[in-house]
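Student: Structure provided below as structure tokens; questions to follow.
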Amino acid sequence: MTQNMSAKPSEMKPWQKYYSNEALAEEMPRCTAYENLKQINENYLDQVALHYYGKNIKYGEFFKRIDTCADAFYALGVREGSIVSLLSVSVPETVVAIYALNKLGATANTIDPRMDVNSIKRMVLESESKILIVLDLAYAKVRQIKKEIEQEYIVVQSATRSLPFGKRVYKNLTTRIPVNYSEAVISWDDFLEKGKGINAPAAPYKGDATAAITYTGGTTGFPKGVMLTNDSMNAVAFNFKHASICAKRKEKFLGIIPVFSSYGLVCGMHMPLAIGLTLVLVPNFQPNKMGTLVKKFKPQHMVSVPAFYEILMESHEMKNLDLSFLITLGSGGDTMNDGLEGKLYAFLREHNMHRNLAQGYGMSELSAAASFCAEDVYKPGSVGIPSITTTVGIFKPDTFEELDIGEEGEICVTGPSMMKGYFNNPRETEHVMRMHPDGKYWIHSGDIGYLDEDGFLYVNGRIKRMITRFDGHKIFPVNIESLVMEHPNVRNCCAVGITDREHGQGQVPLVLVTLSDCDKDAVCKEIFETCDRQLEERGKPVCVISVDGIPLTGMGKNDYRELEKQYADYDYTSFLQK
């Protein structure tokens, strides 16, 4: 077949050569997320679906719990199109509630319990939900706003309910959480009782029905509600099925990403369950415990953000630990710079894990996953090829002009994993989801990158995450961070723009580093000198300073916005004089 040399990458789709003809011809499931889960696992009811602190919940019991929960929601008036708010974490009852709502055609409005009270109030009120599911540990926040949010029912979950008997008794004795129950404030068990004798009907499949609302990380403004659909959730599970990842039933998937995020809900919950894995639930993930979790559960599969892998490498539990049990080590949610990628690979090889890192690219608006690297589909520094249902194009920013192979521009994505839009926010939706001349809606990511001749995607930074010099020259922090992370003493780093003290406008780059035990002043000077030698003249930092820690967002990304505020007027002149 003669290739049309005038065609653009999104038309040629060079990445499709990595998929079989059978995979390309296979139809994506056309059913609800709940039905997809049930169809895939209905012949494996004795296999463990959820593992929760020693308690195994098999698929058969899991589906019974979902149906019982759906009956209870139905008894409380939940119908197709209803919205129920969930202020909870990754406990079995939350996973059950999400699928129960999906069975009914309702929407789970998932809210991070770590949010401040005013944000929680706003998210509940804007959803117009009449039922709030809340973890008992977060009930104190709800008590403060109970009258204002005007919920018909507040259902209080206990994090201990699904624990093995001994652990449950101990936790209940040592942890007492005061809740004033009433007709409107009921326990989870009393909630389930209301569904006795009811057989709730399953809602018909609608691909664009809103299955869940998750909220963006908030580093670029106030969190926006991302509407995920049946199709967007199922597309990601379908994509992973064809992603050259060797996953077998009964293998364990470590679920450390919270279910109230798109990444956690889709890639960390629905995807592993929809390919028949055992999901190990971690409701209260603490990054400094990552090594303990990996050593304890020995999962075959896990996904994380780059910052957590840096912590894993530093964990004392990893010393001399054989990691050959790992099959899929996925990374997403943030860009992994070249320096960290190189150190992680060296670490994995030293610990007997010889598979390629399953690095990927995505965003909340794409159900968290759009491209992937896998064992035999991999290039260093790349975030992989587009998923089988996904099309990626590189466009000149703020235009519909698609660029050629190797040309750098804005990464835009189209396909069924796209969100439906931002909840009650058409203005922001129109800014991110734009109709192109081809008649398709594309997500404009705000990320800068390019595609190579094989269709591998490379991410080089964000359009908005730029440092603009006094002369208008744009500096991408990721270029600085990649070089700095190559230093063996650097655990984490972040480059931010601060006020240029020599000119009337513009910014200059400042680098903040967290270091291992070393002569910190000497290492900062060494890093500065390396940057001076290897970075372009207009992209060099003016200062490198050691800090005890770099703040992270709730999703584990370096919170560069917070650092920009803290160091906006930092006086770097004394560093330059040393």
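No value in this document is a laboratory result; all are computed from the given coordinates. Please read all numbers here as calculations on a predicted model, not as lab measurements. Note: ideal-geometry Cβ built from the backbone for every residue, glycine included; neighbour counts use all protein chains shown.
Student: Translational diffusion coefficient, Stokes-Einstein: compute it for the range 58-206 using the Kirkwood radius over C-alpha pairs as Rh, at 20 °C and 1.002 mPa s, and state it as an integer in µm² s⁻¹.
Tutor: Answer from the Stokes-Einstein relation: 137 µm²/s.
Student: Separate question: Enter the angle in degrees (range 0 to 90, nearest 10) between the Cα long axis of helix 139-149 and the first principal axis of the Cα atoms of the chain, meaning the one along which they spread out most.
Tutor: 80 degrees
Student: While we're looking at this one, here's another question. Could you line up S82, S445, S546 from fewest to most neighbouring Cβ atoms inside 10 Å?
Tutor: Lowest count first: S546, S82, S445.
Student: Full-extension gain between D376 and D190, please, as 0.36 nm times their residue separation minus the C-alpha to C-alpha distance. Intermediate values should be presented prior to the final figure.
Tutor: Numbers: separation 186, 0.36 × 186 = 66.96 nm, distance 5.09 nm.
Using 0.36 nm per residue and subtracting the Cα-Cα distance, I get 61.9 nm.
Student: Could you please rank R79, R161, placing first whichever residue has the fewest other Cβ atoms within 10 Å of its Cβ?
Tutor: The most exposed by this proxy come first: R79, R161.
Student: Using Cα centres only, tell me the gap between the range 504-540 and the range 25-50 in whole Å.
Tutor: 51 Å
Student: Just to check I understand the Karplus step: with θ = phi - 60° and J = 6.51 cos²θ - 1.76 cosθ + 1.60, what whole-Hz values come out for the range 437-444, glycine and proline as x?
Tutor: Here the 3J(HN,Hα) series is x, 6, x, 9, 7, 10, 7, 8 Hz.
Student: Starting from the Cα of K319, draw a straight line to each of the aspartates and glutamates and keep only those under 12 Å, dropping any in the same chain fewer than 8 residues away.
Tutor: Excluding near neighbours in sequence, the set is E350.
Student: Using modelled amide H (1.01 Å from N, peptide plane; none on Pro or chain starts), what sits under 5 Å from the amide H of I498, excluding residues fewer than 5 places away?
Tutor: So I498 has HN proximity to V508, L510.
Student: Determine the percent antiparallel among the DSSP beta bridges restricted to the range 465-576, to the nearest 5.
Tutor: 75 percent
Student: With a point put 7 Å past each Cα toward its Cβ, work out how far E562 is from T399 in nm, to one decimal.
Tutor: In this crude spin-label approximation the distance works out to 3.9 nm.
Student: Taking the Cα centroid of the range 83-116 and of the range 286-309, what is the distance between the two, rounded to the nearest whole Å?
Tutor: 24 Å
Student: Okay, next question. Rounded to the nearest 0.05, what FRET efficiency do F165 and A7 have when you use their Cβ-Cβ distance and R0 = 45 Å?
Tutor: In this case the efficiency is close to 0.10.
Student: Given q = 0.13, 0.15, 0.17, 0.26 Å⁻¹, what are the Debye log10 I(q)/I(0) values for the range 120-200, with equal point scatterers placed on the Cα positions and solvent ignored?
Tutor: -0.47, -0.61, -0.76, -1.26
Student: Would you kindly compute the Cα radius of gyration of the range 489-556 and its largest Cα-Cα separation (Dmax), both in Å?
Tutor: Taking only Cα atoms of the range 489-556, I get Rg and Dmax of 13.1, 39 Å.
Student: Identify all aspartates and glutamates with a Cα-Cα distance to K565 below 18 Å; exclude those on the same chain that are fewer than 8 residues away in sequence.
Tutor: The reachable aspartates and glutamates, counting only those whose Cα sits under 18 Å from K565, are D500, D548.
Student: Over all directions, the average projected area of the alpha-carbon convex hull for the range 306-363 comes to how many nm²?
Tutor: 3.8 nm²
Student: Using the Karplus curve 6.51 cos²θ - 1.76 cosθ + 1.60 with θ = phi - 60°, work out ³J(HN,Hα) for each residue of the range 527-539 in order, rounded to whole Hz, and write x for Gly and Pro.
Tutor: My calculation for the range 527-539 gives 5, 4, 5, 5, 4, 4, 7, 9, 8, 4, 3, 8, x Hz in order.
Student: How far, in degrees from 0 to 90, does helix 338-350 lean away from the longest principal axis of the Cα atoms of the chain, to the nearest 10?
Tutor: The helix 338-350 is inclined about 70 degrees to the chain.
Student: Over the range 240-282, one equal point on each Cα, no solvent: what is log10 I(q)/I(0) by the Debye formula at q = 0.18, 0.24, 0.31 Å⁻¹?
Tutor: -0.46, -0.78, -1.12
Student: Give or take rounding to whole Å, what are the principal axis extents of the alpha carbon atoms in the range 33-132, in descending order?
Tutor: Computed over the Cα atoms, the extents are 44, 31, 20 Å.
Student: Moving on to the next point. Looking at the range 231-318, what % of the alpha carbon pairs are farther apart than 19 Å?
Tutor: In whole percent, the share of Cα-Cα pairs in the range 231-318 beyond 19 Å is 38.
Student: Please report, in cubic angstrom per residue, the volume enclosed by the convex hull of the alpha-carbon atoms of the chain.
Tutor: Here the figure is 169 Å³ per residue.
Student: So for C412, C69, fewest C-beta neighbours within 10 Å to most, what's the order?
Tutor: With the fewest neighbours first, C412, C69 line up as C412, C69.
Student: List the aspartates and glutamates whose Cα sits under 16 Å from the Cα of K196, skipping any in the same chain fewer than 8 residues away.
Tutor: List returned: D67, D71.
Student: Separate question: Considering the Cα trace of the range 314-417, what is its radius of gyration and what is Dmax, both in angstroms?
Tutor: Cα radius of gyration and Dmax of the range 314-417 are 16.2, 52 Å respectively.
Student: Using Cα atoms only, what is the angle between the long axis of helix 230-241 and the major principal axis of the chain, expressed in degrees (0 to 90) to the nearest 10?
Tutor: 60 degrees
Student: Additional query: Given 20 °C and 1.002 mPa s, compute D for the range 195-279 with the Stokes-Einstein relation, Rh being the Kirkwood radius over Cα pairs; round to the nearest whole µm²/s.
Tutor: Taking Rh from Cα pairs, D becomes 147 µm²/s.
Student: Right, next: Quick one: work out the % antiparallel among DSSP beta bridges in the chain, nearest 5.
Tutor: 55 percent
Student: Go ahead and estimate [θ] at 222 nm for the chain from helices alone: -39,500 (n - 2.57) per DSSP H run with n ≥ 4, summed, over the residue count, rounded to 500. Display every interim value, and only then the final one.
Tutor: On the way: 19 runs with 172 residues, N = 578.
After summing the helix terms and dividing by the residues of the chain, the value is -8500 deg cm²/dmol.
Student: Here is a further query. Please give the FRET efficiency for T530 paired with N56, using the beta carbon to beta carbon distance and R0 = 41 Å, rounded to the nearest 0.05. Numbers along the way, then the final one.
Tutor: Numbers: r = 51 Å, r/R0 = 1.24.
The computed FRET efficiency comes out at 0.20.
Student: Tell me which residues come under 5 Å, amide H to amide H, from G461 once H is placed; ignore anything under 5 positions away on its chain.
Tutor: Amide H to amide H, under 5 Å and 5 or more residues apart or across chains, G461 pairs with I448.
Student: In addition: Starting from the Cα-Cα distance between K206 and E428, subtract it from 0.36 nm times their residue separation and give me the gain in nm to one decimal.
Tutor: In short, 77.5 nm is gained.
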